[in-house]
1. Working carefully through the options Glu160, Glu131, find the one that is touching a Gly at 6+ places or on another chain (Cβ under 9 Å), under 16 Å from Ala173 (Cα atoms) and charged (D, E, K, R).
2. Cβ-Cβ distance below 7 Å, separation of 6 or more or different chains: which pairs start in region 149-165 with a residue that is of a type in the set (Asp, Glu) and end on one that is at pLDDT below 90?
3. From the residues in region 217-242 that are of a type in the set (D, E, K, R) and either free of Cβ contacts under 8 Å to residues at least 24 places away in the same chain or in a helix (DSSP H, G or I) (or both), which one is surrounded by the fewest Cβ atoms within 10 Å (Cβ to Cβ)?
4. Scan region 166-203 for residues that are under 30 Å from His266 (Cα atoms) and touching a Phe, Trp or Tyr at 6+ places or on another chain (Cβ under 8 Å) and jot them down.
5. If a residue has to be modelled with pLDDT under 95 and of a type in the set (Phe, Trp, Tyr) to count, how many in region 115-157 make the cut?
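The values are calculated or read from the model by the stated rules, or taken from the named source; none is laboratory data. Since we're looking at a predicted model, the values are computed, not measured. Neighbour counts are summed over all protein chains in view; Cβ atoms, including those assigned to glycine, are modelled from backbone coordinates with ideal geometry.
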Amino acid sequence: MRLQCMMYLVLLGLLLPLWGCAPVVPGTQVPDQVAPLTAPRELPEDELLNVSIMVFDPGRLPDDPDDRRGLSPEIREAEARFIPVHLKYTMQRSGFWGAVRVVPNADNGAEVLVRGRIEYSDGESVVLTVEAYDSRNVLWFKNTYAETASLSEHDRGEPERIDIFQDLFNTIANDLVIARSRLTRQEITEIRQVAELRFAAEMVPEVFGNYLAVAPGDQYRLMHLPAADDPMIRRVRNIRSRDEMLIDAINGYYETYYRDLWEPYHNWRKFRTDEVTTMRRIEREALAQQVLGIAAIVGAIALSASGDYDTRVRTSTLQDIMVAGGAYAVYSGIQKKGEAAINKEAIEELGISFTSEAEPLVLEVEGETVRLTGTAEQQYARWRNMLRELYARETGLVDMPAPTSTQGPGASQP
């Protein structure tokens with residue numbers, strides 16, 4: 001009896017890995033067939049808020065080498081740019097927003113700032129943490145979204161409209177619409193005013209720094225507004241228009257990057273999912289063969305140990321067959337695992353791709369040609385410095401001190 005119990009425990013230990021082949025994806029799955037919320041009418045301009053979506057934090061690759069196969073930092077960097085652009089297209093179709101732009105870094109002039117982090121992504125499943133703030137640094141929400149695409153969903157897709165994780169994108173866009181719907185018209189006006197003054201304070205802190213106060217929780221409170229005919233704020237608005245021109249140019253880069261990435265990224269996700277699915281099936285079959293083989297060997301040993309001498313003699317041929325058959329099954333399982341290794345190599349090959357350096361941007365500023373090089377993030381940082389210098393020249397504030405940061409939690413990296 002004790003020997004039988006030991007056999008059952010051994011077999012149970014061998015069978016448990018059969019249920020542990022797929023990686024555990026964190027987060028709660030979004031529902032299927034999520035319908036996007038759309039405005040019932042065209043909203044007036046003064047009810048629209050502009051949205052800045054930061055390039056996402058690419059997060060970390062899985063610690064388990066098996067879960068990490070076929071993934072790379074380059075792919076994550078590509079996804080960190082692809083995801084915000086597709087979210088932008090999803091939000092634009094709702095009709096609830098003004099300009100929706102992807103920005104390389106935190107934007108002090110943003111009326112609504114959305115930022116996110118890729119918690120998990122392997123082509124089959126994705127998990128994102130997304131948070132949204134308005135210009136007052138009021139947190140609208142911070143949620144984690146997860147979706148695992150079915151094999152059939154990998155066969156559909158349309159650039160700018162339908163991604164394999166479209167339910168996830170629709171859920172995020174809907175949560176933003178719901179948060180916006182809680183605002184009064186007075187709050188919308190205040191958000192727009194605070195956004196303008198935060199940008200002004202970044203450009204000229206010694207002039208506009210006292211228009212806002214920072215309340216507990218790092219939230220911005222409007223103290224007073226510039227006069228309607230204030231020449232300084234008019235200059236800030238001109239500078240802001242130039243800043244938006246560069247953001248639009250960078251968005252053109254992101255959109256081109258998104259379109260160029262669409263087909264190879266779509267194929268990579270589909271092929272990697274196919275390869276991983278095949279590999280898991282082969283590994284389960286291989287393990288099942290090994291389990292059956294070991295079970296046959298254990299059974300033969302048990303048969304030999306449990307009977308009397310005559311029984312052992314009568315069943316000796318059966319025992320030999322069980323041992324030989326078990327050994328062959330174990331060997332076959334090892335061979336089948338070799339097939340899985342081929343799939344692993346294919347997955348690794350599929351993961352070689354995606355560089356994400358921006359092309360140089362050439363802009364006309366005050367009759368001068370300005371050439372910005374490096375990544376979009378580096379270009380944008382240099383551009384902001386140039387704007388401050390331009391404002392200083394226009395206003396005569398040549399010895400302007402370096403701006404003090406007006407960034408709070410809603411404007412910093414997650």
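1. Exactly one of Glu160, Glu131 is touching a Gly at 6+ places or on another chain (Cβ under 9 Å), under 16 Å from Ala173 (Cα atoms) and charged (D, E, K, R), namely Glu131.
2. Close Cβ pairs satisfying both conditions: Asp163/Gly157.
3. Asp229
4. Across region 166-203, the qualifying residues are Leu168, Thr171, Ile172, Asp175, Leu176, Val177.
5. The number of residues fulfilling the criteria is 1.
Results for (1) under 17 Å from the mean Cα position of the chain (by Cα); (2) at pLDDT below 90; (3) assigned to a loop (DSSP other than H, G, I, E, B), shown as yes or no for each residue.
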{"site": "Ala22", "(1), (2), (3)": "no, yes, yes"}
{"site": "Pro40", "(1), (2), (3)": "no, no, yes"}
{"site": "Arg60", "(1), (2), (3)": "yes, no, yes"}
{"site": "Ala78", "(1), (2), (3)": "yes, yes, no"}
{"site": "Leu87", "(1), (2), (3)": "yes, no, no"}
{"site": "Ser94", "(1), (2), (3)": "no, no, yes"}
{"site": "Val100", "(1), (2), (3)": "no, no, no"}
{"site": "Asn105", "(1), (2), (3)": "yes, yes, yes"}
